[in-house]
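Structure first, then comments.
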Amino acid sequence: MTSRTAAVSGVKPGAVAEAVVSLRDLHAAAAPLSTSEVLRGLSLEIRRGEQVALIGSSGAGKTSLLHALACAVAPLSGTLTLFGTDPWALSSGERQRLRGRLFLAPQVPPLPPRQRVVTAVLAGRLPSQTLIESLRTLWHPREAAAAQAALAALDLGDKLWERVDRLSGGERQRVGLARALVADAELWLIDEPLSALDPARAEQVIERLTEAARSANRTLICTLHQIEVARRSFPRIVALRDGAIAYDGPAASFTDAQVAALYGPRGLDADAVQPAGESAGGTPKRGAKPGHNICPGRGRPRDDGLDAAADSGPRPQRPGAADALGQRAAARGAAVAAGGADRVQALGAGR
């Protein structure tokens, strides 16, 4: 790696960083068992400590690429290596251990409504824990201080013991990001973290994420629709169009003409530069594209400071039953969000 490349990537000049992600002519589908190609011939290398904004119009393949990197979908052809290892050449157990080195934060975080926020945040450590450790953490959160620090970094320090269903849509999204801050992961895969946030809050959150990744020398790959945020906050941009790489280079060199070529003339005014929390049409985005979330969840209302009134009222439940179901759902949901399909099967078998 040259000094110039290192500077562009956010890696210290003169350092030869390990290749965390390496793709060679990768072809992949959007979901397991599907043969419908969504990613077409991707060749890409991302080194330790790099911060990369992954951009492109809706349906370009951004989320599908994150799922491929999270080992949720096997390549149709080509090669994918993580930390120098082909995950699909490993046994199921070895692949699960490799997944523990990465963390996927879905656009809609899988948060059980009646779960306490502290438990939801500490679920970020599930991929690197054994099943017994995971269940112990869920039933008795012993590391509340770590959850408190992560929440405070995202201005949610006063929500530690709140129930998830008392939070607004933007607060829920930030709880999902707090999971990444506590995760013992070297690679962060963050899917559209600003979609439920107002512009001021979005700037703050992206700053906290990039600072946290930089201070711990974590590799950060973040999908975004906000082009100006990508230009300001990330050294490198990778742009996808129709499942192929249309641009890979310094954010500072990504021109308005290239933006227009990527999104089209109308997209330059709408989708490519949309305010956080709004769709290209200017209305709040609701839910994710069908088939593009490992853990589909609730819609994403604006983070406008209003209480989630429709979700906050008491609901009939058997004493103790809801908490037990919520804990089990959290373990299943967080494991899936990290691409841990094997752990989900283990949790299901324990019912």
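Wholly within region 43-153, which strands (runs of 3 or more DSSP E) include no fewer than the required count, namely at least 2 residues that are open to solvent by 30 Å² or more (accessible area, probe 1.4 Å) and either farther than 30 Å from Ala252 by Cβ or hydrophobic (A, V, I, L, M, F, W, C) (or both)?
77-82
Report, by residue number, each residue of region 157-171 that is part of a loop (DSSP other than H, G, I, E, B) and farther than 19 Å from Pro106 by Cα.
Those that are part of a loop (DSSP other than H, G, I, E, B) and farther than 19 Å from Pro106 by Cα: Leu160, Trp161, Glu162.
If the requirement is being modelled with pLDDT of 95 or more and either under 27 Å from Leu194 (Cβ atoms) or hydroxyl-bearing (Ser, Thr, Tyr) (or both), which of these qualifies: Ser3, Ser9, Ser77? Walk me through it before giving the result.
On the way: Ser3 fails: modelled with pLDDT of 95 or more; Ser9 fails: modelled with pLDDT of 95 or more.
Criteria check complete, one pass: Ser77.
Give the number of residues within region 66-90 that are without any contact (Cβ under 8 Å) to a residue 24 or more places away in the chain and not hydroxyl-bearing (Ser, Thr, Tyr).
Total meeting the criteria: 5.
What are the pairs with Cβ atoms under 8 angstrom where one residue, in region 198-209, is over 13 Å from Leu181 (Cβ atoms) and the other, located anywhere, is in a helix (DSSP H, G or I) and at pLDDT below 95? Sequence gap at least six, or different chains.
Partner pairs satisfying both residue conditions: Asp198/Gly170; Arg201/Gly170.
In region 64-82, which residues are farther than 16 Å from Glu45 by Cα and out of contact with any Phe, Trp or Tyr (no Cβ under 8 Å at 6 or more places or on another chain)?
Once the filter is applied, which keeps residues that are farther than 16 Å from Glu45 by Cα and out of contact with any Phe, Trp or Tyr (no Cβ under 8 Å at 6 or more places or on another chain), region 64-82 yields Ser64, His67, Ala72, Val73, Leu76, Ser77.
The values are calculated or read from the model by the stated rules, or taken from the named source; none is laboratory data. Just so it is clear, the structure is predicted and the values come from calculations on it, not from any experiment. Backbone-built Cβ (ideal geometry, glycine too); neighbour counts: all protein chains shown. Accessible surface is based on the protein model in full, side chains and every heavy atom, while ligands, DNA and RNA are left aside. Shrake-Rupley method; radii C 1.70, N 1.55, O 1.52, S 1.80 Å.
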